[in-house]
Amino acid sequence: MNQLTEQLVRRAQRGDAHAFSRLYETVYQDLYRFAVYTLRHPQDAEDAVSETVTDAFAQISTLKEAAAFRSWIFRILSNKCKRRIRQYVNPPSELDEGIPAGGADLHEMLDVRRAFSLLPDEDRLILSMNLFAGYTSQEIGDLLGMNANTVRSRQSRALKKMQSQLS
């Protein structure tokens, strides 16, 4: 984490909304990507990110280490996503295909998204936390109340399921 970011965190902790806004600009795309892949519904993802930002701003004074801002805000988001997943009665059948592909082959990206959407909710959450938020197996295990070896095993099985869907 660079010095500017640490200064922004300290300013935000003193109630500077502009400083918090600048911090948010550094992570908003990753937050949204994480939420949409986890929840499979753009509106729910937008709501989860919005709630995360509101809570993060209200609670930033509790952040002990400025360098932990990114993982801290992702932890808030992952908790929001877990709550939403529990609330789903009839989850959407497919991930919205309107998310920009970022230069990759569109058909390939759609196939990957479909394979991802077929995974159980918790497997999607584990993969999202690792791939999009950068959490380690140990950190994911701590957040979800699992052993790190179980997390790695679930990741491996989920990736194999996706691979078999794509073959």
Please indicate, with yes or no, whether at least one residue in region 5-28 is surrounded by 14 or more Cβ atoms within 10 Å (Cβ to Cβ), farther than 26 Å from residue 115 by Cβ and acidic (Asp, Glu). yes
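Return the total of residues in region 32-46 being in a helix (DSSP H, G or I) and free of Cβ contacts under 8 Å to residues at least 60 places away in the same chain. Break it down stepwise before answering.
Residues of region 32-46 in a helix (DSSP H, G or I): 32-39, 42-46.
Narrowing the set further to residues that are free of Cβ contacts under 8 Å to residues at least 60 places away in the same chain leaves 32, 35, 39, 42-46.
Residues that pass the stated criteria total 8.
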Restricting to region 48-58, count the residues that are touching a residue at least 12 places away in the same chain (Cβ under 8 Å) and either under 13 Å from residue 78 (Cα atoms) or not hydrophobic (A, V, I, L, M, F, W, C) (or both). 7
Determine whether region 55-67 contains at least one residue that is out of contact with any Lys or Arg (no Cβ under 8 Å at 6 or more places or on another chain), of a type in the set (Lys, Arg) and farther than 24 Å from residue 118 by Cβ. yes
Being more than 15 Å from residue 85 (Cβ to Cβ) and either free of Cβ contacts under 8 Å to residues at least 40 places away in the same chain or in contact with a Cys (Cβ under 8 Å, 6 or more places away or on another chain) (or both) is the filter here; which residues of region 114-130 pass it? 130
Taking region 29-47 only, how many residues are crowded, with 18+ Cβ neighbours inside 10 Å, modelled with pLDDT of 90 or more and either touching a Ser or Thr at 6+ places or on another chain (Cβ under 6 Å) or under 13 Å from residue 73 (Cα atoms) (or both)? 4
In region 29-54, what residues are more than 18 Å from residue 116 (Cβ to Cβ), in contact with a Lys or Arg (Cβ under 9 Å, 6 or more places away or on another chain) and of a type in the set (D, E, K, R)? 47, 51
Checking residue 95 against (1) modelled with pLDDT of 85 or more; (2) surrounded by 13 or more Cβ atoms within 10 Å (Cβ to Cβ), which test does it fail? (1)
Somewhere in region 24-31, is a residue assigned to a helix (DSSP H, G or I), more than 20 Å from residue 4 (Cα to Cα) and within 13 Å of the chain's Cα centre (by Cα)? yes
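The values are calculated or read from the model by the stated rules, or taken from the named source; none is laboratory data. Everything numeric in this text was worked out from a predicted model, so none of it was measured. Cβ coordinates were reconstructed from backbone atoms using ideal geometry, including for glycine residues, and neighbour counts include every protein chain displayed.
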